[in-house]
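Chemist: Would you mind keeping the following structure in view while I ask a few things?
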Amino acid sequence: MLAQADTRIAAVIAEQEEIFVKRQPKSAALAARASSVLAGGVTSSWQITQPQPVWLSHGRGGHVYDADGNEYVDLHGGYGAALAGHAHPAIAAAVRAAAGSGTHFAQPTENAIVVAEELARRWGLPRWRFANSGTEATMDAVHLMRAYTNRDLIIKVEGGYHGHHDSVQVSVMPAEAEAGPRTAPNQVPSSAGIPAAITSLTLIAQFNDLSSVAGLLEAHPGRVAGMIVEPVMMNAGIIHPVPGYLAALKDLLHEHGALLAFDEVKTGLTVGPGGVTRQSGVSPDLVCLAKSLGGGVAVAAIGGTEELMDFVGAGGYEMVGTFNGNPLAMSATRAMLTEVATDEAYLKIERLRSQAAEGIESAIEEFGLNAHVVTAGAKGCVVFGTGAVRDYREFLTVDDTRSHAHWLFQHNGGVFLPPWGKIEQWLISVQHDESDIDRLITNFRTFAEAVGAQ
Ligand SMILES: Cc1ncc(COP(=O)(O)O)c(C=O)c1O
């Protein structure tokens, strides 16, 4: 029975990959040309989709267009950065304004105050600084926690991704065979080139498991600077915190003189106007934002308590960067916060979220699939497994093959979901509408019918 299902899914994937390649000859030609001047033929290693990279020509509203002229409902959202959709008039106007009056001075401009005031209002943290990517924001958070506490160790969650700096490139996506025991996970470097000495400073806990954090704090008394965590995990599908987890985590860390940093690079504006911080009512010591914050322009923000940010202000930790708070990013971010990510926009997103969740859940039931939908505001995914996923070890049981088959069906049916199967989520933008979600559901039904109950 299982073997039959495997054969069927393999045949379905082969068929869909053939359609995929046939639809995109220009992408194939661009990929071939790129391979001599771009390492791996792409501009970031995670742009390599299977069976071949998709080259885009432009985006407008909630849609993108590939080099071959195929149109897609864009739920990839540039890995969660396109909450504004594409070419949003307010963002385009803000970018034009900055382009016409200078995009870089390395001196602050008034928009930085407006943005910080609005972030303080939404996130409830009083002071802010800016950077240019999620990686920079989480790197600053880790440095700052270490500098403030004068301690070297940090805790991160197995299966959590916080960017590509050394300290957080540990146990991001370890294979089961290398991950070690669930209760004493190994510290697995996530890439070549990470010195073992740095990896050893990052201790690994399980999400939703306070005892795993308590164990680490007790095993290393007075040595843990803090913990960085996605308050809703979004690099392992979507894993919500169990009720009370985030508040208890903060208390536990504080009892041991350690700090709590929320990595809201992905959750940020996408789950709601003030991120998980506002939704949960748990205020961390530090919060990191990036991705959707700039409406598609590269920007990141780090918010913190008075205590921590005044330590920065007094020179206790030098938080620096040539392009930090540059006028282009600040202009776009101001527009994003004041004109795009509005209360009205969130009401629309909530309607589309529930349309997507209900439509797909009902197809899952009708076709008898072993799957379920998890959402968080504008984000959502289909988890190909029945049980609720609470941590990375449970996430490992989610079916990758069907996740990839689903991605192919959506793609060939004109919906661009983020690649990398079970890891990523869709992102609904403020410019999508009901007909876009209809297409997502229709493609899901086609997929469900093709793969059958399994
Ligand atoms: C939760 C989280 N933190 C940090 C990052 C790093 O952001 P960037 O790719 O902008 O460096 C990512 C990127 O996917 C992320 O998902």
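The values are calculated or read from the model by the stated rules, or taken from the named source; none is laboratory data. Quick caveat: nothing in here was measured; it's all calculated off a predicted structure. Glycine gets a Cβ as well: all are built from the backbone with ideal geometry, and neighbour counts include every protein chain shown. Note: areas computed on protein heavy atoms with side chains; ligands, DNA, RNA excluded. Shrake-Rupley method; radii C 1.70, N 1.55, O 1.52, S 1.80 Å.
Chemist: Spin-label point model (7 Å from Cα, Cβ direction): what's the R351 to E306 distance in nm?
Modeler: The two pseudo-label positions are separated by 4.3 nm.
Chemist: Follow-up. Principal axes first, then extents: for the Cα atoms of the stretch 362-404, list largest minus smallest coordinate on each axis, whole Å, largest first.
Modeler: In descending order, the Cα extents are 29, 25, 19 Å.
Chemist: Determine one quarter of the surface area of the Cα convex hull of the stretch 112-169, which equals its mean projected area, and express it in nm² to one decimal.
Modeler: Over every viewing direction, the Cα hull of the stretch 112-169 projects on average to 4.9 nm².
Chemist: On to the next question. Debye calculation, C-alpha points only, no solvent: report log10 I(q)/I(0) for the stretch 119-205 at q = 0.24 Å⁻¹, in the same order as the q values.
Modeler: Log10 of I(q)/I(0), two decimals: -1.20.
Chemist: Now for a separate question. Taking K266 as the anchor, which aspartates and glutamates have their alpha carbon closer than 15 Å to its alpha carbon, excluding any fewer than eight residues away along the same chain?
Modeler: E136, E230, E424
Chemist: Which loop trypsin sites (Lys or Arg not before Pro) in the stretch 137-214, with loop taken from DSSP, have no more than 15 other Cβ atoms within 10 angstrom of their Cβ?
Modeler: Passing sites in the stretch 137-214 are R182.
Chemist: May I ask you to give the solvent-accessible area per residue for the stretch 160-230, in square angstrom, as obtained with a 1.4 angstrom probe?
Modeler: 41 Å²
Chemist: For the stretch 6-48, what is the largest minus smallest coordinate of the Cα atoms on each principal axis, given in angstrom and ordered from greatest to least?
Modeler: Its Cα atoms span 39, 20, 12 Å along the three principal axes.
Chemist: With a 1.4 Å probe and every protein chain left in place, work out the accessible area per residue of the stretch 17-84 in Å², rounded to a whole number.
Modeler: In whole numbers, the stretch 17-84 has 50 Å² accessible per residue.
Chemist: With a 1.4 Å probe and all protein chains left in place, how much of the accessible area of the chain comes from carbon and sulfur atoms, in whole percent?
Modeler: Carbon and sulfur: 55 percent of the exposed surface of the chain.
Chemist: To check you understand DSSP bridge types, tell me what percent of the beta bridges within the stretch 158-287 (both residues inside) are antiparallel, rounded to 5.
Modeler: 25 percent
Chemist: Now a separate question. Multiply the residue gap between S44 and S101 by 0.36 nm, knock off their C-alpha separation, and tell me the result in nm, one decimal place.
Modeler: 17.5 nm
Chemist: Is it possible to state the helix-based mean residue ellipticity at 222 nm for the chain, with each DSSP H run of 4+ residues giving -39500 (n - 2.57), the sum divided by total residues, to the nearest 500 deg cm²/dmol? What is it?
Modeler: -13000 deg cm²/dmol
Chemist: So if I average 1/r over every pair of distinct C-alpha atoms in the stretch 341-414 and take the inverse, what Kirkwood radius in Å does that give?
Modeler: One decimal place: 13.7 Å for the Kirkwood radius.
Chemist: Can you pull out the trypsin sites (Lys or Arg not before Pro) in the stretch 416-454 that DSSP calls coil and that have at most 16 other Cβ atoms within 10 Å?
Modeler: Passing sites in the stretch 416-454 do not exist.
Chemist: What helices does the chain have that are whole DSSP H segments, at least 27 Å long along their own axis by Cα, and with mean Kyte-Doolittle hydropathy of 1.6 or more?
Modeler: Result, helices passing both filters: zero.
Chemist: Using bins 5 angstrom wide from zero, how does P(r) for the stretch 396-454 break down, in % of all Cα pairs?
Modeler: Going out from 0 Å in 5 Å bins, the stretch 396-454 shows 4, 18, 28, 25, 17, 6, 2 percent.
Chemist: Decide, for the stretch 203-341, between rounded, prolate and oblate: order the square roots of the alpha carbon gyration tensor eigenvalues as a ≥ b ≥ c, take rounded if a/c falls under 1.5, and otherwise choose prolate if a/b is larger than b/c, else oblate.
Modeler: Cα axes put the stretch 203-341 in the oblate bin.
Chemist: Taking the radius of gyration and the Kirkwood hydrodynamic radius from Cα positions alone, what is the Rg/Rh ratio for the chain, to two decimal places?
Modeler: Here Rg/Rh amounts to 0.96.
Chemist: Based on Cβ point charges of +1 for Lys and Arg and -1 for Asp and Glu, what charge dipole magnitude is obtained for the chain about its Cα centre, in debye rounded to the nearest 20?
Modeler: With Lys and Arg at +1 and Asp and Glu at -1, about 620 debye.
Chemist: How big is the stretch 267-362 in terms of Cα radius of gyration and Dmax, in angstroms?
Modeler: Spelled out, the Cα radius of gyration and Dmax of the stretch 267-362 are 16.4, 56 Å.
Chemist: Also, quick follow-up: Compute the orientation-averaged projected area for the stretch 288-418 from the convex hull of its Cα atoms and round it to one decimal in nm².
Modeler: Spelled out: convex hull of the Cα atoms, projected over all directions, averaged, 11.9 nm².
Chemist: Determine the relative contact order of the chain: mean sequence separation of Cα pairs under 8 Å and six or more apart, normalised by residue count, in whole percent.
Modeler: Across the chain, relative contact order equals 22 percent.
Chemist: A further question follows. Would you please name the chymotrypsin sites (Phe, Trp or Tyr not before Pro) within the stretch 98-143 that are DSSP coil residues with at most 14 other C-beta atoms within 10 Å of their C-beta?
Modeler: Qualifying residues, ordered by number: F105.
Chemist: Whole percent per 10 Å bin, from 0 to the bin with the longest distance: what is P(r) over all C-alpha pairs of the stretch 1-96?
Modeler: All Cα pairs, binned at 10 Å, distribute as 14, 34, 32, 16, 4, 1 percent.
Chemist: Using the per-residue mean of other Cβ atoms lying within 10 Å as a proxy for protection, in what order, highest first, do the peptides 193-202, 317-326 fall?
Modeler: In decreasing order of mean packing, 193-202, 317-326 become 317-326, 193-202.
Chemist: Could I ask something else about it? Based on C-alpha coordinates, I'd like the Rg and Dmax of the stretch 54-190, in Å.
Modeler: 20.1, 57
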